[in-house]
Structures are given as C-alpha cells and as structure tokens.
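Structure, as structure tokens:
Coordinate-derived values only; no laboratory data. Keep in mind that this is a model prediction, so the values were computed, not measured. Counting neighbours? That spans all protein chains shown, and the Cβs are built from the backbone with ideal geometry, glycine included.
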Amino acid sequence: MTKLALVVGHTKSSPGATAAAPINDSEYRWNKELAEMMLAHAAGMAGVAAKVFQRDGVGVAGAYRQAWEWGAEGSIELHFNAAGPSATGSETLYVTPLSLPLAEAVQDATLTVLGLRDRGVKTSLAASGGRGEQNLMQMGGRPSILTEPFFGSNPADATVARQQKSALARAQLEAAVNVLVNIDAEDHWTVRASALNVRGGPGTDYEKLSWGPLSQGTAVELIGRHDEWAFIRAEAGEGFVHAAFLS
Ligand SMILES: [Zn+2]
C-alpha cells in the first residue's frame, strides 16, 4: 500500500492569500477542495491510500505528526502563490535531496496541466524565500514537498487553474504516487553487519533505539536517505541506520 499525505495549506481562521476571479477564494478553501478531488482520484487507484491533513487546531507540526503516525510515505502541502497581478507560473518547494524526485514529478505534472511558466523546483532558503522550510522538515526521511501551482493574484493564472482544477488534482496525485511506488519497489534491503544499531536520527549523536540492534540478514525497507544514513522500516519499528551496512 502506497500512502500519500495531502496537507492543506493554512487554516480556516488564517486562510492565506485570496485569489482573483474566477476563483475569488482563499488558499485554504481552494486547497481543501483540491485535496478532496485528489482523495477521490486516489480511491480509484489500487494499492494507493491518500489522506487529508489540516493544520487547524494542531498547527503545521501537528498536521505532519498525524501524517507521520498514519504512516505516510510522502506528503504534498497544497498552496497557491500570490504577488502582483502579472506574476505568473508554477513552482514546487522541497528541502532534502530525497524529496527532489517527488518535487520534479509533481512540478512536471503541474506544468503539463496548467501550461504556465516553469519557475522550477526550489530548495534553499534563499531560493524559496523561506517558505515551507519548517513544514518540509517535519517528515524526516520521507519525501515532502510544497506545491504552488499558480499565482492566485494573477487573473489569467486563476482562470487556467479554475478550468483545470480536476485535471490538476489527478495529475499531481498520479505523479506523486508513481514516485512513491517506485521508491517502495526498489527499496528492500538486508542488514549485512552482525549487529546494526538503529538510531532516532541521522547521526551517531542520536540515541540508539531500544528495539535495536538489528541482526545480520534482517529485512528492512528503505524509506528515505539522509547523506550516509538510511531511514528504514523493520518489523519492529522505524529508525535510522548507517547505509553502508545494508545491501
Ligand atoms: Zn500559502
């Protein structure tokens, strides 16, 4: 089962930017509906589970914690951009390198459907203006991206987005699932060290988890990478191990 979390940007009481006509609506309301559309598409796909998480009441960290606990293998946070009326285009934000394939796939799908200017996938604090930096660190070793498919402040962008909303939902969902499915299929590994410590984070500074160490030959699933560290799922739980000791 491939599990994808859909995080709705902003909250009911602080709903983000407002889009021009024909949308005439907030980021929060627009993306809540977009998430429901994605959910409907996911329901028709075998082996796929999607779930919507909202920041209302629990904040950004709370929404991602719920997504993590649900077992999401990746996440997309839904927004739209806003600036002057002539700013245009699609962009996708990510933070860690392991999120890049997901960011690229969703960006490509967005460009195909909306046909707006390619503003690229953006990672550094400088390039993204800091947007999403905290949000996108919450999923740890699992791919996590933030999508800004169009500028709500631009009437032409808003018109295209309104016309293509259902197609956008489908295209972004399918692109994300394809990436996550492939991660799943390729990433069954075994422990080749005689005893491999499992830690709470990607480094020897992090605590050893009590259900480790793993013995030689134990099957693990690679969920994500962080430099030399692999975030893995074993029968007993999830944690970080040094990737050199997997094969
Ligand atoms: Zn936003």
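Considering only the other residues whose Cβ falls under 12 Å of the Cβ of GLY132, what net charge follows from Lys and Arg at +1 and Asp and Glu at -1? Taking every Cβ under 12 Å from that of GLY132, the sum is -2. Remark on LEU4: its backbone amide H falls under 5 Å from those of ALA49, ALA50, LYS51, GLU73, a criterion applied only to residues 5 or more positions apart or on other chains, H modelled at 1.01 Å from N. Extension gain, THR112 to ALA40, is 23.8 nm, computed as 0.36 nm per intervening residue step minus the present C-alpha separation.
Looking at the range 2-185 only, what percent of DSSP beta bridges run antiparallel? Nearest 5 please.
Within the range 2-185, antiparallel bridges account for around 20 percent of the total.
Counting 0.36 nm for each residue step from ARG192 to GLU235 and taking away their Cα separation leaves a gain of 13.8 nm. In terms of its alpha-carbon gyration tensor, the range 55-183 comes out prolate; a/c meets the 1.5 threshold, and the first ratio a/b outweighs b/c. Summarising the amide proton neighbourhood of LEU214: residues at separation of 5 or more, or on other chains, whose placed amide H is nearer than 5 Å comprise LEU196, ASN197, VAL198.
Name the shape class, rounded, prolate or oblate, that the alpha-carbon gyration tensor gives for the range 187-245, where a ≥ b ≥ c are the square roots of its eigenvalues, rounded holds for a/c under 1.5, and otherwise prolate holds if a/b is larger than b/c and oblate otherwise.
Rounded shape, in that the Cα axes give a/c under 1.5.
Applied to the range 55-65, the Karplus parametrisation 6.51 cos²θ - 1.76 cosθ + 1.60 on θ = phi - 60° returns per-residue 3J(HN,Hα) values of 8, 3, x, 10, x, 4, 4, x, 4, 6, 5 Hz, with x for Gly and Pro. With K and R counted +1 and D and E -1, the other residues having a Cβ less than 13 Å from that of PRO15 yield a net charge of 0.
Taking 27 Å as the straight-line reach from the Cα of LYS32, the lysines in range (excluding those fewer than 8 positions away in the same chain) are LYS3, LYS12, LYS51, LYS122, LYS165.
Once a ≥ b ≥ c are taken as the square roots of the eigenvalues of the Cα gyration tensor of the chain, is the result rounded (a/c under 1.5), prolate (a/b larger than b/c) or oblate (a/b not larger than b/c)? Prolate is the answer for the chain, as a/c is 1.5 or above and a/b outweighs b/c.
Under a model in which nothing but the beta-carbon of Lys, Arg (+1) and Asp, Glu (-1) is charged, the range 2-185 shows a dipole of about 240 debye around its Cα centre. Which one of GLY201, VAL95, ALA61 has its Cα pushed farthest toward the positive end of the charge dipole of the chain, where Lys and Arg give +1 and Asp and Glu give -1 at the Cβ? Farthest towards the positive end: ALA61. For the range 28-79 versus the range 194-247, the inter-centroid distance based on Cα atoms is 27 Å. Residue separation of VAL58 and SER210 scaled by 0.36 nm, minus their Cα-Cα distance, works out to 51.8 nm of gained length. Amide H contacts for SER153 (H built 1.01 Å from N in the peptide plane; partners 5 or more residues away or on another chain; cut-off under 5 Å): ALA20, ALA83.
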